[in-house]
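The block underneath contains the structure these notes are about, expressed in structure tokens.
What follows is calculated from the coordinates using simple rules that are stated; it is not laboratory data. Here the structure is a predicted model, which is why all the values come from computation and not from measurement. All Cβ positions, glycine included, derive from the backbone under ideal geometry; neighbour counts span all protein chains shown.
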Amino acid sequence: MSTRLIAGSLLAAGLTITGAAGANAAAADGMPSGTAAASGPMVMSTAQQQAQGAFFRDAFNFRAPAWRNVVGRWSVRNGTLFAQGMAGRFSSVAHINNYDDFAYEVKMNRVGNSDGSAPNCLIIRGNANRVVEDLWLPGYYFCYTNNGKALVVAIDAHGRQRNLMKETPVKEIGSGGGYRTVTVEALGNAFYFSVNGTYIWSGKDDMSRFGQVGAGFYVEPGRRGSLALDYANLGPVKATRAS
């Protein structure tokens, strides 16, 4: 299903891809080459993740061995996980493990000559090994833009897309470039989305209960842009959510 079918939404401006799905890029500096994850990895429960230390805190100071290119070239650069985007494409990177319930936080900075409408997203409970027109199938996309809007989209394994949160202005996002701290908490079928410490959306959806996490961004045709991840942390959902 074409990304053009998200017409009228934030991703319609961002994910109008032409051509086939993006193949994995060559090995990026500090990151192993290959597919986003080995096929059929076991998903661990929250208790197993805690017991085995499977949660992560990645500062990207030297290497990113647990991260894989999905679309585009990602590398460790100046203490960030960085990608120069491709015009008309949605670039993304994935952590190799699968997770079910978690709190996922990324500090990220989008720069370039976009008009500010292009989406910058955290991707969760996705399958980065199945990519169609640059989109993970399935996957949840929690996105903000540099012109102060937000959107949440669910894309199932067949490419069917639903807006869980329609394109919405959120003053706490602010406008222009600069680092923003984006957080998504997933607990069963409940989700909580925040930017810079302010909750901007919560809701429920039953499409996917586990999968990979990652990040991605779109660059409009004829434009240029890059995304830098200062850090990415994934840990247990806070006790108040789990109670």
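The modelled label-to-label distance for the pair Asp115/Thr181, using points 7 Å beyond Cα in the direction of Cβ, is 3.3 nm. The slack in the chain from Arg63 to Thr198, taken as 0.36 nm per residue of separation less the alpha-carbon distance, amounts to 45.5 nm.
Note on Ala239 and Ala190: their simple-model spin labels are 1.6 nm apart, each label 7 Å out from Cα toward Cβ. At full extension, Ala54 and Asn163 could sit 36.2 nm farther apart than now, given 0.36 nm per residue minus the alpha carbon distance. Let a ≥ b ≥ c be the square roots of the eigenvalues of the Cα gyration tensor of segment 65-113; is it rounded (a/c under 1.5), or, if not, prolate (a/b larger than b/c) or oblate? Since a/c reaches 1.5 and a/b is larger than b/c, the shape of segment 65-113 is classed as prolate. Remark: the Asn147-Asn78 segment gains 22.2 nm on full extension, using 0.36 nm per residue and subtracting the alpha carbon distance. Each residue of segment 195-212 was assigned a 3J(HN,Hα) from its phi angle through the Karplus curve 6.51 cos²θ - 1.76 cosθ + 1.60 (θ = phi - 60°); the sequence is 10, 6, x, 10, 6, 10, 6, 9, x, 10, 7, 10, 5, 9, 10, 7, x, 7 Hz, with glycine and proline shown as x.
Size of segment 112-223: Rg and Dmax of its alpha carbons, in Å, are 13.6, 40. With the Cα gyration tensor of segment 42-197 giving a ≥ b ≥ c as the square roots of its eigenvalues, does the rule (a/c under 1.5 for rounded; else a/b larger than b/c for prolate; else oblate) give rounded, prolate or oblate? Here segment 42-197 falls in the rounded category.
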